[in-house]
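This is the structure I have questions about; it appears just below.
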Amino acid sequence: MSQATALGHVTICDLSGQLAGAGATRYLAAFGARVIRVEDPVRQGRWDILRGSMPHVDERRGIELGGAFNNHNVEKLGVTINLRLEAGRDLLRRLVAVSDVVTENFASGVMEKLGFSYGELRSIKSDVIYVSNSGFGHAGPYSRFKTFGPVVQAVCGLTFGVGAAGAPPAGWGFSYMDHMGADLMALAVLSALVHRNRTGEGQWVDMSCTEAGLGLTGPDLLDYTVNGRPLRRPGMPDSNHSDHPVMVPHGIYPTEEPDRWVAIACRDDQDWAAFAEACDQHWAREARFAATAGRADHEAQLDRLVSGWTSSLRREVVASRLERAGVPVSAVTMSEDRIEHDPDNDDWGLFPTVEHPEIGGVRVDGIPAHLSETDWSIKRGAPLLGQHNREVFAGLLGMSDEELSALQADGVL
């Protein structure tokens with residue numbers, strides 16, 4: 001890898017938090033961007049509920065010890081600015097003036113109330129890129145509402161489409177749309193940077209996590225639009241089963257150990273023939289199962305037969321036997337399987353260890369993509385509250401010790 005970084009020329013004034021925003025700038029910081037995370041100096045973690053939240057490495061608790069905050073803010077610089085004070089807002093203006101990008105994921109209208117609309121930001125720096133990522137965006141009848149990840153998933157339709165046949169919607173549980181929102185926000189920043197590099201023009205990127213989630217329901221929307229079929233109907237949705245294309249057996253099956261499963265997919269008759277030979281069960285040779293159409297007609301019974309066979313073996317045995325036969329298969333892994341026992345993690349660097357000033361050495365999420373010349377680097381843990389005030393305000397903005405001391409005394413920092 002060369003010493004240059006992909007984004008070392010980019011400075012980001014980052015007012016975003018939690019995951020949907022902080023997750024985006026996390027990627028950019030890993031590829032070398034100077035991300036300056038701006039927080040409120042009031043020590044209750046007011047701007048980011050993740051500062052003190054789980055997971056924790058030991059019995060200690062506090063706003064500097066939240067594992068989720070550390071994970072989402074690696075490689076960033078941390079400063080504090082009290083935006084309730086005019087002196088604080090003036091300090092933010094100075095920071096915006098030396099930044100390429102301003103990012104935030106407040107509810108619609110918050111930045112305007114603080115005096116930092118896109119128009120005002122552009123008056124500070126004419127080519128600034130402003131990226132706002134809220135639940136419903138800044139336009140439309142829902143724009144005034146506030147939301148969190150699980151609500152986004154419910155509103156956009158994802159929650160309704162998850163579950164077993166005949167059962168109530170199961171939802172997604174974890175706020176996966178925060179991850180999707182972060183991914184799209186990072187893409188938006190990069191796209192706007194490319195545009196500015198070509199034209200010299202900044203712009204406002206207005207994002208909606210709900211609309212991002214709606215984009216994931218495309219097949220369901222298309223089925224309803226074209227065929228008039230609602231998503232929930234007899235037998236639909238049905239967990240891992242899919243009729244497009246028809247693959248039988250295709251599902252998650254139990255194994256010998258409690259709560260250990262294996263995923264199997266027979267794409268066609270060739271896969272089925274390989275499966276039948278590998279499992280060596282008399283029922284697998286029955287003529288009614290030889291063709292896909294026949295297996296589909298008897299899918300429920302076939303699933304019970306497959307489950308009976310897999311239940312007699314350990315998941316690793318099932319996976320190994322079918323893999324050798326060329327059948328698409330995988331043990332259903334859990335977090336501990338991937339973290340502790342998967343050698344691929346070391347090769348990919350999926351869980352690098354960072355050093356946090358209070359937490360110590362701890363593993364965090366890596367990035368599942370590598371650049372041959374300007375790869376990412378994650379070594380430094382999340383900043384303590386205001387940890388880099390002097391580095392940023394004195395080193396970047398050129399402020400004197402006297403200025404900083406006065407701002408500290410006035411409650412600005």
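Just so it is clear, none of the values below were taken in a lab; they were calculated from the coordinates. Please read all numbers here as calculations on a predicted model, not as lab measurements. With ideal geometry, Cβ positions are generated from the backbone for all residues, glycine too; neighbour counts draw on all protein chains shown.
In vacuo Debye scattering of region 64-146, one point per C-alpha: log10 I(q)/I(0) at q = 0.13, 0.16 Å⁻¹?
-0.51, -0.76
Also, I was wondering about something else. What's the whole-number percent of alpha carbon pairs in region 1-151 lying beyond 26 angstrom?
So the pairs more than 26 Å apart make up 28 percent of the total in region 1-151.
Right, something else. Could you tell me the distance between the Cα centroids of region 100-128 and region 384-413, to the nearest Å?
Between the Cα centre of region 100-128 and that of region 384-413, the gap is 22 Å.
Test of understanding: ordering 223, 40, 268 by Cβ neighbours within 10 Å, fewest first, what list do you get? Don't skip to the end; give the middle numbers.
Working: 223 15, 40 18, 268 12.
Final ranking by Cβ density, sparse to dense: 268, 223, 40.
Tell me which lysines have Cα within less than 24 Å of residue 379's Cα, excluding those fewer than 8 residues away on the same chain?
Output for residue 379: 76.
Per 5 Å bin from zero, what fraction in whole % of the C-alpha pairs of region 250-336 is there, up to the bin with the longest pair?
3, 16, 28, 28, 16, 7, 2, 1, 0
Order of 250, 388 from fewest to most other C-beta atoms within 10 Å?
Ranking 250, 388 by Cβ neighbours within 10 Å, fewest first, gives 388, 250.
Now a separate question. Specify which residue in the list 115, 148, 80 is farthest towards the positive end of the charge dipole of region 56-174, using unit charges on the beta carbon of Lys, Arg (+1) and Asp, Glu (-1), about the Cα centre.
115
Now for a different question. Which residue, chosen from 165, 63, 334, occupies the Cα position most advanced towards the positive end of the dipole of the chain, where the dipole is computed from +1 (Lys, Arg) and -1 (Asp, Glu) charges on Cβ about the Cα centre?
Most positive-ward Cα: 63.
Here's something else I'd like to know. Stretched out fully, how many nm does the piece from residue 145 to residue 317 gain, at 0.36 nm a residue minus the Cα gap? Please report the intermediate quantities before stating the final value.
Numbers: separation 172, 0.36 × 172 = 61.92 nm, distance 5.09 nm.
So the extension gain works out to 56.8 nm.
Can you pull the three principal axis extents for the Cα set of the chain, in Å, largest first?
The Cα atoms of the chain stretch 86, 48, 43 Å along the principal axes, largest first.
Loop only by DSSP, 14 or fewer other Cβ within 10 Å of the Cβ. Give me the GluC sites (Glu not before Pro) in region 33-86 that pass, ordered by residue number.
Those that pass, being in a loop and sparsely packed, are 59.
Give me a comma-separated list of calculated 3J(HN,Hα) values for region 267-277, in order, Karplus coefficients 6.51, -1.76, 1.60 applied at θ = phi - 60°, integers in Hz, x for any Gly or Pro.
Result, rounded to whole Hz: 6, 7, 5, 5, 4, 5, 4, 5, 4, 4, 5.
Among 152, 318, 101, whose mean-square fluctuation peaks in a Gaussian network model of the chain (Cα, cutoff 10 Å)?
With Cα springs under 10 Å in the chain, the top fluctuation among 152, 318, 101 is at 318.
Along the charge dipole of the chain, pointing to its positive end and built from +1/-1 on Cβ of Lys, Arg, Asp and Glu, which listed residue (300, 35, 398) has its Cα farthest out?
It is 398, whose Cα lies furthest towards the positive end.
Now a separate question. Each residue of region 227-238 in order: what ³J(HN,Hα) in whole Hz does its phi give by Karplus 6.51 cos²θ - 1.76 cosθ + 1.60, θ = phi - 60°, with x for Gly and Pro?
Values per residue, Gly and Pro as x: 9, x, 9, x, 4, 9, 8, x, x, 9, x, 9 Hz.
Now a separate question. Choose one answer from 81, 264, 63: the residue with the largest mean-square fluctuation in a GNM of the chain with alpha-carbon springs under 10 Å.
Result for the chain, Cα springs under 10 Å: 264 fluctuates most.
While we're on this one: In terms of Cα to Cα distance under 24 Å, which lysines are near enough to residue 113, apart from those fewer than 8 places away along the same chain?
125, 146
Next question, about the same structure. I'd like the trypsin sites (Lys or Arg not before Pro) in region 364-394 restricted to DSSP loop residues with at most 12 other Cβ atoms within 10 Å, sorted by number.
Within region 364-394, the qualifying trypsin sites (Lys or Arg not before Pro) (loop, at most 12 other Cβ atoms within 10 Å) are 379.
Summing -39500 (n - 2.57) over the DSSP H runs of n ≥ 4 in the chain and dividing by its residue number, what mean residue ellipticity at 222 nm do you reach, to the nearest 500 deg cm²/dmol? Walk me through the numbers on the way to the answer.
Working: 16 runs with 148 residues, N = 413.
After summing the helix terms and dividing by residue count, I get -10000 deg cm²/dmol.
Continuing with the same structure: Quick one: what are the phi-derived ³J(HN,Hα) couplings along region 378-384, Karplus 6.51/-1.76/1.60 with θ = phi - 60°, whole Hz, x for glycine and proline?
Calculated HN-Hα couplings, in order: 10, 10, 9, x, 5, x, 5 Hz.
Still on this structure, I have one more. From the square roots a ≥ b ≥ c of the eigenvalues of the alpha-carbon gyration tensor of region 373-413, which class results: rounded (a/c under 1.5), prolate (a/b over b/c), or oblate?
Details: a/c = 5.02, a/b = 2.14, b/c = 2.35.
Taking the square roots of the gyration eigenvalues as a ≥ b ≥ c, region 373-413 is oblate.
With +1 on each Lys and Arg Cβ and -1 on each Asp and Glu Cβ, how big is the dipole of the chain about its Cα centre, in debye rounded to the nearest 20?
940
Within 9 Å, Cβ to Cβ, of residue 132, how many net charges do the neighbouring residues add up to if Lys/Arg are +1 and Asp/Glu are -1? Kindly include the intermediate steps, with their values, before the conclusion.
Details: positive: none; negative: 104, 206.
Once positives and negatives cancel, what remains is -2.
Sticking with this structure for a sec: Exposure proxy check: 60, 51, 260 ranked by fewest other beta carbons within 10 Å?
Working: 60 10, 51 25, 260 18.
The order, fewest Cβ neighbours first, is 60, 260, 51.
Cα centroids of region 135-171 and region 254-331: how far apart, whole angstrom?
A separation of 35 Å, based on Cα centres.
Also, quick follow-up: Counting Lys +1, Arg +1, Asp -1, Glu -1, what net charge surrounds residue 90 among other residues with beta carbon under 13 Å of its beta carbon? Working shown, then result.
Values: positive: 84, 89, 93, 94; negative: 86, 120, 403, 410.
Cβ neighbours under 13 Å give a net charge of 0.
At a threshold of 8 angstrom on Cα-Cα distance, excluding pairs fewer than six apart, so keeping six or more, what relative contact order does the chain reach in percent? Please report the intermediate quantities before stating the final value.
Working: 739 pairs, mean separation 81.0, N = 413.
About 20 percent, as a whole number.
Given a 10 angstrom Cα cut-off, can you work out which residue in 97, 293, 139 is the most mobile in a GNM of the chain?
Its mean-square fluctuation being the largest, the pick is 293.
Counting only C-alpha contacts under 8 Å and six or more residues apart, can you give the relative contact order of region 250-336 as a whole percent?
The value is 44 percent.
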